[in-house]
1. Checking PHE206 against (1) open to solvent by less than 20 Å² (accessible area, probe 1.4 Å); (2) closer than 30 Å to ALA31 by Cα; (3) modelled with pLDDT of 90 or more: exactly one of these is not met. Which one?
2. In the stretch 95-113, what count of residues is obtained for those that are in contact with a Ser or Thr (Cβ under 9 Å, 6 or more places away or on another chain) and either in a loop (DSSP other than H, G, I, E, B) or of a type in the set (S, T, N, Q) (or both)?
3. Among the residues of the stretch 178-190, how many are surrounded by 22 or more Cβ atoms within 10 Å (Cβ to Cβ) and of a type outside the set (Gly, Ala, Ser)?
4. Go through THR175, THR126, THR168 for me and flag whichever is under 26 Å from VAL326 (Cβ atoms), open to solvent by 10 Å² or more (accessible area, probe 1.4 Å) and in contact (Cβ under 8 Å) with a residue 24 or more places away in the chain.
5. Being at pLDDT 90 or above and under 19 Å from MET272 (Cβ atoms) narrows it down to one of ALA257, ALA248, ALA261, so name that one.
6. Assuming ALA334 fulfils every condition listed in (1) closer than 21 Å to THR235 by Cβ; (2) in contact (Cβ under 8 Å) with a residue 60 or more places away in the chain; (3) open to solvent by less than 20 Å² (accessible area, probe 1.4 Å); (4) not basic (Lys, Arg) apart from one, which condition is it?
7. Got a number for residues in the stretch 226-250 being closer than 17 Å to ASN363 by Cβ, touching a residue at least 60 places away in the same chain (Cβ under 8 Å) and surrounded by fewer than 20 Cβ atoms within 10 Å (Cβ to Cβ)?
8. Can you pull out every residue in the stretch 268-288 that is open to solvent by 20 Å² or more (accessible area, probe 1.4 Å) and in contact (Cβ under 8 Å) with a residue 24 or more places away in the chain?
Amino acid sequence: MTEFAAVERSSPETYIDSSASVAPAQLPRLAVILIELALAVGGFGIGTGEFAIMGLLPDVATTFSVTTPQAGYVISAYALGVVVGAPVIAVAAARMSRRNLLLMLMSIFAIGNILSAIAPNFESFTLLRFITGLPHGAYFGVAALVAASMVPLHKRASAIGRVMLGLTTATLVGTPVATFFGQALSWRVAFLAVGAIGVLTVALIFIYLPKDKVAAGASFTRELGAFRRTQVWLTLGIAAVGYGGMFAVFSYIASTATQVAMMSESMVSVIMALFGVGMITGNLVGGKLGEFSLMGTIGGSILYNIVVLTVFSLTASNPFMLCLCVYLVGCGFAAGPSIQTRLMDVAADAQTLAAASNHSAFNIANALGAWLGGLVITWGYGFAATGYVGALLSVAGLGVFAVSYLLERRARRA
């Protein structure tokens with residue numbers, strides 16, 4: 001099959017990688033669509049597996065005779081797997097072709113979920129959730145690289161957005177469906193279903209993604225070189241800090257709706273759906289905006305988040321405004337494709353590690369936002385104050401963005 005092309009430098013601080021995939025002219029449009037679909041199905045499975053557990057915690061707790069807060073440790077175990085797995089796998093698998101790496105990662109994910117479904121005790125279940133989280137970040141990172149390399153340079157953000165559509169769709173469709181059947185039948189059935197999606201993804205990637213060769217000079221040392229680049233750290237910092245606000249709000253949205261806006265519990269599922277629709281909207285719109293300006297899209301989305309999160313806190317007691325703001329907060333995901341593409345640009349020839357680490361950064365944002373939001377609630381400021389926490393995190397992220405932008409401008413003038 002086709003081999004990978006060379007790495008091209010486009011500016012003093014920006015690098016474009018057209019390596020490790022198939023050149024656009026060598027694949028028909030239908031083939032590109034099928035590959036993107038295969039990668040998106042994997043994202044759908046990962047997203048469903050990651051979020052469905054949140055609605056099934058009481059059932060898991062009952063099965064293993066633990067409290068619901070104790071059962072929540074499995075969520076932390078999965079997140080820890082994502083944070084650890086992304087950089088470790090990216091470095092350790094530096095000499096693997098991207099097709100083989102994707103097949104390996106999704107196989108681990110599928111097996112991890114199937115074994116989770118038959119775990120005999122809580123300790124083994126928690127360990128299996130950690131193992132299942134390991135391929136998460138590396139999968140999305142490599143999938144983004146493959147998707148971006150199949151289209152012209154200015155279309156990369158949209159291509160990544162289409163692959164990420166699987167993850168965002170999971171919040172709207174996969175998670176509620178898995179939660180429904182998990183509660184109606186058994187939480188074990190939900191994990192078996194997610195494992196089946198993983199098996200399907202392995203088959204689709206095997207069938208549709210052409211074989212590739214390892215890029216010349218690829219090594220774990222070269223991948224580690226990504227962390228010697230200031231712009232890589234700054235871009236990861238933007239994601240880890242600037243987007244914690246979304247999670248500060250989302251982590252406590254059910255309580256905000258029922259205790260602040262005085263909405264019925266039955267409306268919580270509607271609010272969750274609105275958040276999912278917002279993420280899908282943001283993903284699609286953000287991918288298109290990224291075609292015009294990566295940094296403009298990232299910076300603009302941070303400013304957008306500051307405004308929306310502030311309005312969320314100011315109007316949380318109004319049911320209509322709460323629903324509207326939840327949708328708009330979900331739209332804040334618009335920067336996702338641009339941040340992923342930006343990392344690919346600034347990582348030079350160490351793109352796998354940088355791209356995979358993006359999902360570690362967003363999981364840090366998840367943990368940071370939830371933790372700070374919880375602190376503010378504990379201090380007595382109420383659930384509505386989580387929006388202010390998110391706005392402040394976005395302000396901090398804007399500061400990191402400003403440093404990145406100014407350093408790049410200085411480098412281009414040099």
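The values are calculated or read from the model by the stated rules, or taken from the named source; none is laboratory data. Here the structure is a predicted model, which is why all the values come from computation and not from measurement. Positions of Cβ are generated from backbone atoms using ideal geometry, with glycine treated the same way; all protein chains shown enter the neighbour counts. Side chains are part of the model used for accessible areas, which takes the heavy atoms of the whole protein and leaves out ligands, DNA and RNA. Shrake-Rupley method; radii C 1.70, N 1.55, O 1.52, S 1.80 Å.
1. The one condition PHE206 does not meet is (1).
2. Here the count works out to 2.
3. Of the residues in that region, 2 qualify.
4. Answer to the check: THR175.
5. Going through ALA257, ALA248, ALA261 in turn, just one is at pLDDT 90 or above and under 19 Å from MET272 (Cβ atoms): ALA261.
6. The single condition ALA334 does not satisfy is (2).
7. The total comes to 1.
8. Residues satisfying the conditions are SER269, VAL270, MET272, ALA273, LEU274, VAL277, ILE280, THR281, LEU284, VAL285, LYS288.
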